[in-house]
Amino acid sequence: AQSVTQPDIHITVSEGASLELRCNYSYGATPYLFWYVQSPGQGLQLLLKYFSGDTLVQGIKGFEAEFKRSQSSFNLRKPSVHWSDAAEYFCAVGISGSARQLTFGSGTQLTVLP
Amino acid sequence: NAGVMQNPRHLVRRRGQEARLRCSPMKGHSHVYWYRQLPEEGLKFMVYLQKENIIDESGMPKERFSAEFPKEGPSILRIQQVVRGDSAAYFCASSRSGLGDEQFFGPGTRLTVL
């Protein structure tokens with residue numbers, strides 16, 4: 001079965017600093033990969049997704065992620081963090097086949113200091 | 001175009017009562033997914049439905065939980081004889097079709113069992 005690991009439970013960065021959130025997955029084939037953001041008390045919003053093709057994916061709000069097959073990773077990056085980016089970030093993997101469930105990591109809570 | 005709608009947003013039940021959570025997918029979407037988020041955890045897949053059919057219920061507890069997506073009306077997640085451990089946020093997502101389609105999430109229903 002597939003799994004997703006987000007090794008950083010909590011990350012704190014200063015506003016304007018760069019950000020990288022880590023995500024590693026376990027799956028036998030090339031998965032579909034997603035990053036979602038969740039603000040307190042809200043649902044999840046899709047930041048970006050990778051299905052195939054270019055391994056560097058651009059998303060909304062200035063985020064990007066790079067798929068590295070050799071490292072089974074899909075890390076999320078942003079060159080300059082804004083205070084409004086403070087939220088919880090979830091990496092998720094989807095697999096092919098009849099089941100279309102997403103498997104989520106446990107999330108990384110981002111705090112942004114002024 | 002309205003997003004995924006869930007109601008109620010907050011639900012309080014006493015142990016032994018029934019909880020009914022409703023989800024109206026986005027217009028044009030015929031695929032619905034239910035996820036559960038326990039405190040401090042990521043989302044866990046519960047069930048995937050299409051109109052009038054349960055496609056994958058591998059994440060559903062074997063007892064007390066059921067889901068439906070009738071031809072007319074919202075999808076319903078039903079929890080009978082609730083226990084304190086059922087307290088969680090329950091999220092519904094919908095997609096147009098296919099694994100490649102993004103799942104759009106609703107704001108969630110936060111269930112508290114007293």
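Read-outs throughout are calculated quantities, based only on the coordinates presented, and are distinct from any laboratory measurement. The structure displayed is predicted, hence computed values, not measured ones. Cβ coordinates were reconstructed from backbone atoms using ideal geometry, including for glycine residues, and neighbour counts include every protein chain displayed.
Things to note:
- Cut-off 9 Å between beta-carbons: net charge of the residues surrounding residue B:70, Lys and Arg +1, Asp and Glu -1: -1
- The value of relative contact order for chain B, using C-alpha pairs under 8 Å at least six residues apart, is 37 percent.
- Pairs of Cα atoms farther than 25 Å apart, chain A, %: 17
- Number of Lys pairs (Cα under 20 Å; 8 or more positions apart or on different chains) in chain B: 4
- Segment residue A:60..residue A:109, full-extension length gain: 15.8 nm, with 0.36 nm per residue of separation and the alpha-carbon distance subtracted.
- Across the range A:3-48, the relative contact order, built from alpha-carbon pairs under 8 Å that are at least six residues apart, equals 31 percent.
- Local electrostatic count at residue B:102 - Lys and Arg +1, Asp and Glu -1, tallied over other residues with Cβ under 14 Å: +2
- Phi-derived couplings, Karplus 6.51 cos²θ - 1.76 cosθ + 1.60 at θ = phi - 60°, listed residue by residue for the range B:2-14: 5, x, 5, 10, 10, 8, x, 6, 9, 9, 10, 9, 8 Hz, with x used for Gly and Pro.
- Using C-alpha pairs under 8 Å with a sequence gap of at least 6, the mean separation divided by the residue count of the range A:34-102 gives a relative contact order of 30 percent.
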